[in-house]
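Let me begin by presenting the structure, written as structure tokens, before commenting on it.
The values are calculated or read from the model by the stated rules, or taken from the named source; none is laboratory data. Note that this is a predicted model, so its numbers are computed, not measured. Heads up, the Cβs are rebuilt from the backbone with ideal geometry, glycines too, and the neighbour counts pull from every protein chain shown. Areas reflect the complete protein model, heavy atoms only, side chains present, ligands, DNA and RNA absent. Shrake-Rupley method; radii C 1.70, N 1.55, O 1.52, S 1.80 Å.
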Amino acid sequence: MKTDPLLQVERLCVDYPGRRRQRFRAVDSVDLTVAPGETLGVVGESGSGKSTIAKAILGIAPVTAGTVRFEGSELDPRRVRRRKPITDIQVVFQDPVSSLDPTKTVGYTVAEPLVARLRRERGGTGDVRRQVAEMLDRVGLPENAASRYPAQFSGGQRQRIAIARAFIVRPRLVVCDEAVSALDLSVQAQILNLLTDVQRELGVSYLFISHDLSVIEHVSDRVLVLYRGRVMETGSAASVVQSPQHPYTRVLLAAAPVHDPLRQRQRRELRASYRIEPRGAAPLGDSCPFAHRCRFAVDRCFQERPVLRPTGVDGAVACHRYGELPPDAEDDIPRESRSTTTEGSK
Amino acid sequence: MLKLLAHRVALSIPLVLLVSVVVFALESLVPGDPARTILGENATPEGIAALHQQMGLDQPWLERYWHWLSGLFHGDLGASLFTGDAVTSELNARLGVTVSLVLCCVLVSAVAGTALGMFSAIRGGPAARVVDVLSLTGLALPNFWVAIVLVALFAVKIRLFPATGYVPLAESPGHWLRSLVLPVIALSLFGVTAVAKQARDATLEVQDTDYIRVLRGNGVAESRIVLKHMLRNAAIPVVTVLGVVAVSMLSGTVFVEGVFVLPGLGSLATQATTDHDLPVILGIGVYFTVVVIILNLLVDLAYGMLNPKVRAS
Amino acid sequence: MTTLPEPAPRPAANAANTGLVRSVLRSPRGAIVVAFLVVLILACALAPLIAPYDPLAQHLSAVRSGPSGGYWLGTDSLGRDLLSRLLHGGRSSLLGVLEAVVTLLIVALPTGLLAGYLGGTFDRIAMRVAEVVMSVPVVIILLAVLSIFNHSMTSAMIAFGVLGSSGLMRVIRGAALTAREELYVTAAELMGLSRLQVVVRHVLPRCRGAIIIQASLFAAVTLGVQTGLTFLSLGPPPPAATWGGMVADAASVFNQDAWMLVPPGATIALTVLAFGLLGDVVRDVSAEKYAAAPASRRKRRTGTPETAGRPEPATDMLLSVRDLSVATDGERPLTLLDAVGFDIAAGETVGLVGESGSGKTMTARAVIGLLPGNCQITSGRVVFDGSPVQDLDQRAFRKLRGRRIAMISQEPMAALDPSFRIGSLVAEVVRAVDGIKGKAAHARAIELLRMVEIPDPEAVARRFPHQISGGMAQRVAIAMAIAGRPELLIADEPTTALDVTVQAEILDLLRSLQQQNNMAILLVTHDWGVVADVCTKVVVMYAGQVVETAPAGAVFDRPAHPYTRALLLSSPENTHIGERIQAIPGSVPTPQRWPAGCRFASRCDLAQPGCTEGAIPVKDISEGRLSRCLRVDTLLGGEARR
């Protein structure tokens, strides 16, 4: 291990009560690490458990098993209401409306975590106002924002307020749970830039959760691909997106349309080549969770749970048939010259 | 669905217990001698002693409660302090009146309220404004006052309906209906307006849903959209409010029956309160509670039938 | 500069900065209601000082006199002054209401907040108790209390408050439960605030509106019950003045004198009304208070661009929209769509692209004649298959819908009526477009479900919408839309709510259905990937206008409007790893702030002084390409790259 990880999650399981007294395993034995200053992207579709992992780390999900270590010390797995608050982990949520109290001014909202921490540490609260003003300025909000209410701001501006609230206590790790998913394309770009800029300045780590592969690829150093609560593949952002190893990752990538009709036609053919009629119901327990939809599945995939096997430098894939699969018929047109638009952007 | 009904029935037992325990407990808490309160200032010591004997006041209240409760299981609610008649026979004779009144009111509230509310929501504009003002008035005017005005106008001034009295359904359905028209109007005014308000809000909400827009966009006729899809979906919240309305109407009989001299449970309750006739009040409490439970059961049934999510589970 | 500040937001809305009380007083209704209640309460409280007569004094010379100079509201059958009796009687009524409401709050507030915020066992017990209490026939308990406590109205009112508290408790619990789900409450918990701090700071303020509304409604109900009890003379014994008692007095003589019914009846009704309205006002005010600040609607020229002559609709197109403008109703109409124009040929897929606020959904709804109730077409033409449809009434439009133009919407779940089975929903549309009923309609519905590649359509037809997945629901919605074999399908963000793998399947389905039936699609989307996947032509909208029209291939290669180019560049997909995204500064202007000239000028790196002077005409660049940009030559010449 190169550096000590900032966050280390081992064999994390989260169960929710389901129908008829059965329990539904939302997160199934997930391992992950986030190094200082690093961004780990977590990508998956609905039901993949990506937001549940975030909740478990924040202490707002019922952890059934596993450990969460932060800076080497194990976090109390109890719900957050009962454990000591960890100021070094902050969060930015998806919904910019629900994440701000409409009855409080922006200044109050941003100052609140700072004041709470200062009170706990019995320090003075003298320069809170100045720090709030600086932080609001830093995230690009007008000077008078502090005295106004969230309703008077647009979605993008609200997300800036939420970011200011997260960063005012100088956290080491910020969990971004679909933080840009509710935003329009042009606003999303502004917020992504803000997040990367702040990271560069303050050296914070991100656990960045999104369903959008292009966003994940853009912000992440490493990527974790989840499907039905399990890690299917991990690795550097470039390697996972450029040469996906797991059949599920390939299907996921092939389903995401590219901004070019020509390349999209090829991708569509690639997608068609992966598509099969689902074989029976989704398997549970000791099997690959993707086996029923996998073109390459063999009997073993339905009977034995695949373990994560290392692929390259830092990648790993949970597939019995790793190494046996034909390489992905990657698009013929090289990525670098896919359109003149992006060329112009250099 | 069955689970829902079982739940409702299971709740009824603590309900009866709660109502009766509270009354007995309050009675024991009250300062002074209940017998003296009942008989008034110029009671003779002998009278008080006799009443003590009759009410079992020499025993602790828990014991008296137990006595009453065991009677309840045998269908015996004791005897009226005032007339000495068995409470159950007195109440049974009057139950029909109150039940007819309340059922008619629920029916009128449901139909008229839903129609008015949906009309107001769909039509909009001045027509809706008129309905809104009417419902505010209906909500504000006390029912006993409306009852008096109705009698003054339609029974005394133009003699359209009988001012007072009640004719049982079995005797003459026509006269039964005529005798109920004015009381039902007075009592359902609140129900109609409450239901109309709910129906209006629900319709406005349904009107703005994607599924109504999609049905319209795909060519489904407006009449079918209104009568089938809007009515069905707006009915779900309306049924819920109907349960609340029915319970409040039961209470309303206490204020209204007296005005129309209807021999129902409500007017008896008033009389019994004036007379401090506690066994009768308790008995009416039990009867009312049972009626409330049945009404709630009906509401649950209707709700379950309307809402597929409940039906399926 | 590392961040891109958005334009200075609107000036602070006053409503949000002031307290709830001041907001209530500021609304005309609220001011009247509060003034009435204050005057009434003061008058009753000061009754011994200000009442013209002793309420019990009998003026036998003026029995049952109507209103007069001496007796403003007249006298009763014993010659007692009605006004004085009203004022004195109000004391017990209003005091009763106060007792009941205070009791209500004492019981309901803590239990409701705790049950909602803590949940768990406490919540379960509290809810059970509330459920039982709500079924108690309240009036009987009141009568029992009055009987036991010898007509003590205070005891009755306290009992009423206790019994009524279960209703308020449930409302507060509901509000607290909703508040608990809000992310800002989660955020507050993560900060390490204590439970009490979270409740007081973040949960209670959200419940305040609900509490006031319920308390004032309860006050209205209490007054009704209190006067009812005094009407039955179960309260203070005669000759004490009570409002209900005055009605009873009047009732005994209404044959001789109907007037006596009016003063007490009107007073009770007005007071109940005032309490009820107070609740309504608080509800309206608190709904507004935290909603977006009301926009200042400046007077604005609805700039009709000076294009050369009036554009004529194309006659060879399936759908031709020209110069279409939509505005809100009202005294100061707000233009939402400004001279929108585009064509769709038979069998073609046209992508209508833009960010929120661009007017793309409004355009789609105008085409199918389903504009929101407060909006209307103010000018322009929508020509479908050669005949204008923009002026058709709903009845005439219905003949087109389903059979010739159909639609699917964004949220597949919300698009299906939750009360009906899938089969019956599809059959409903079949009945409308094919005129068949019963078994035949059902069989056709099954066939349609099969056409949208739903496995086991018979089984799916028997399910309710909440029993199927989102992707399946969108297939059902598509089945409903294609039931009438439409020539044009309006699809408003049909895959936005779906996972990417499901999106791919739905887009494949749309493509194959389109090829089978030669159906044209107007696809509203914000996703360039979706455009690249299915569209043949793209119409880009910005701030209520079409800024560019182009074949799909060309728009990605050589966008002909700076907005299109900037929007494409702001996607992380089109950004090299490790580089900053080229975000567009600022935000889309709201309709209130559309400038006179080019609406994108303030965010555009090609903007020149001329861009802001007047409305920008649409330029014909080449075959099938239109751009609303003065500097399109520079843009396409590639000189001004960022």
| query | How many square angstrom of accessible surface are buried between C and A, both sides summed, with a 1.4 Å probe and rounding to 100? | reply | 7100
| query | By how many degrees, 0 to 90 and rounded to 10, does the Cα axis of helix B:45-55 deviate from the longest principal axis of chain B? | reply | 50
| field | Length-normalised contact order for chain C - Cα pairs under 8 Å, 6+ apart - percent | value | 11
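In whole percent, what relative contact order does segment C:418-553 give with Cα contacts below 8 Å and a gap of six or more residues?
Working: 159 pairs, mean separation 26.5, N = 136.
Reported relative contact order: 20 percent.
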| task | With only alpha-carbon atoms counted, please give the Rg and Dmax of segment C:431-526, in Å. | result | 13.4, 41
| field | nm² value of the averaged projected area, convex hull over the Cα atoms of the protein assembly as shown | value | 57.4
| request: Give me the percent of Cα-Cα pairs in segment A:248-296 that sit more than 18 Å apart, rounded to a whole number. | output: 38
| query | According to a simple spin-label model (label point 7 Å from Cα along Cα-to-Cβ), what is the distance in nm between residue A:279 and residue A:298? | reply | 1.2
| note | If amide H atoms are modeled at 1.01 Å from N in the peptide plane, then the residues at a separation of 5 or more from residue C:390, or on another chain, having amide H under 5 Å from its own are C:382
| Area of residue C:535 that stays accessible when all protein chains are in place (1.4 Å probe, Å², to 10) | 10
| field | Computed E for residue B:76/residue B:158 - FRET, C-beta separation, R0 60 angstrom, nearest 0.05 | value | 0.80
| Nonlocal amide H pairs with residue C:524, under 5 Å, H built at 1.01 Å | C:352, C:491, C:492, C:493
| query | Put B:52, A:211, A:292 in order of accessible area, largest first, 1.4 Å probe: what do you get? | reply | A:211, B:52, A:292
| query | Where does the charge balance sit around residue C:542 when Lys and Arg score +1, Asp and Glu -1, over other residues with C-beta under 11 Å from its C-beta? | reply | +1
| query | For residue A:138, what charge total do you get from the other residues with a beta carbon under 10 Å from its beta carbon, if Lys and Arg give +1 and Asp and Glu give -1? | reply | -3
| message | From the gyration tensor of the Cα coordinates in chain B, what semi-axes in whole Å does the equivalent ellipsoid have, largest first, with each one equal to sqrt(5λ)? | response | 43, 25, 16
| Whole-Hz Karplus ³J(HN,Hα) for segment A:172-189, in order, using 6.51 cos²θ - 1.76 cosθ + 1.60 and θ = phi - 60°, x for Gly and Pro? | 8, 10, 10, 8, 9, 8, 6, 5, 10, 6, 8, 9, 5, 3, 6, 6, 4, 4
| If you wrap segment C:93-188's Cα atoms in a convex hull and average its projection over all directions, what's the area in nm²? | 6.8
| task | Enter the Cα centre distance for the pair segment B:1-28 and segment C:77-116, rounded to the nearest angstrom. | result | 28
| request: Per residue of segment C:377-389, in order, report the coupling 6.51 cos²θ - 1.76 cosθ + 1.60 (Karplus, θ = phi - 60°) as ³J(HN,Hα) in whole Hz, putting x for Gly and Pro. | output: 6, 9, 7, x, 9, 10, 10, 10, 6, x, 10, x, 10
| note | With Cα coordinates, the longest principal axis of chain C makes an angle with the long axis of helix C:470-482, in degrees rounded to 10, of 70
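Rank these residues by their accessible area, most exposed first, probe 1.4 Å: C:437, B:309, C:619.
Working: C:437 135, B:309 110, C:619 70 Å².
Order by accessible area, largest first: C:437, B:309, C:619.
Kirkwood-based Rg over Rh for chain C (C-alpha set), two decimals? All intermediate terms of the calculation are to be shown ahead of the outcome.
On the way: Rg = 33.5 Å, Rh = 30.3 Å.
Here Rg/Rh amounts to 1.10.
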| MRE, 222 nm, helices only [DSSP H, n ≥ 4, -39500 (n - 2.57), over the protein assembly as shown, to nearest 500] | -16000 deg cm²/dmol
| remark: Between the alpha carbon centres of segment C:482-506 and segment C:358-431 the gap in Å comes to 15
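Which order do you get for A:104, B:197 if you rank them by accessible area with a 1.4 Å probe, largest at the top? Present the calculation step by step, with values, prior to reporting the outcome.
Details: A:104 30, B:197 80 Å².
The residues order as B:197, A:104, largest area first.
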| Exposed-loop-free span, longest in chain C, where GluC sites (Glu not before Pro) count as exposed if DSSP calls them loop and at most 12 other C-beta atoms lie within 10 Å | C:1-305
| task | Please list, in chain and number order, the residues 5+ apart from residue A:15 or on another chain whose amide H is under 5 Å from its amide H, with Hs placed from the backbone. | result | A:26, A:64
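What's the tally of Lys pairs in chain A whose alpha-carbon atoms lie under 27 angstrom apart, where the two lysines are 8 or more places apart or on different chains? The partial results should precede the final answer.
Working: A:2/A:50; A:50/A:84; A:55/A:84; A:55/A:104; A:84/A:104.
Summing the qualifying lysine pairs gives 5.
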| For residue B:157, which aspartates and glutamates qualify as cross-link partners when the Cα separation must be under 20 Å and same-chain residues fewer than eight apart are set aside? | C:249, C:257
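Please report, in whole Å³, the volume per residue of the convex hull around the C-alpha atoms of segment B:44-203.
Working: hull volume 32.4 nm³, N = 160.
Dividing the Cα hull volume of segment B:44-203 by its residue count gives 203 Å³.
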| field | Listed residue pairs exceeding 29 Å between alpha carbons, taken from C:399/C:619; B:197/C:399; C:360/C:619; B:3/C:439 | value | C:399/C:619; B:197/C:399; B:3/C:439
| Binned Cα-Cα distances of segment B:163-313, short to long, each 5 Å bin given as a whole percent | 2, 8, 13, 14, 15, 14, 11, 8, 7, 4, 3, 1, 0, 0
| message | With θ taken as phi - 60° and the coefficients 6.51, -1.76 and 1.60, list the Karplus ³J(HN,Hα) couplings across segment C:438-448 in order, rounded to whole Hz; mark glycine and proline as x. | response | x, 4, 4, 5, 5, 4, 5, 4, 4, 4, 5
| remark: The alpha-carbon center of segment B:120-137 and that of segment A:7-57 are separated, in whole Å, by 53
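Quick check on segment A:99-170: what does the Kirkwood estimate of hydrodynamic radius come out to from the alpha carbon pairs, in Å?
On the way: mean 1/r = 0.0830 Å⁻¹.
About 12.0 Å for segment A:99-170.
Counting DSSP beta bridges with both partners in the protein assembly as shown, what percentage is antiparallel, nearest 5? Show your work: numbers first, answer last.
Details: 55 of 92 bridges.
Just about 60 percent of them are antiparallel.
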| said: Counting only other chains, and only Cβ atoms inside 10 Å, what mean value do you get across the residues of C:62-72? | reply: 0
| remark: Note on chain A: the mean projected area of its alpha-carbon convex hull, in nm², is 20.0
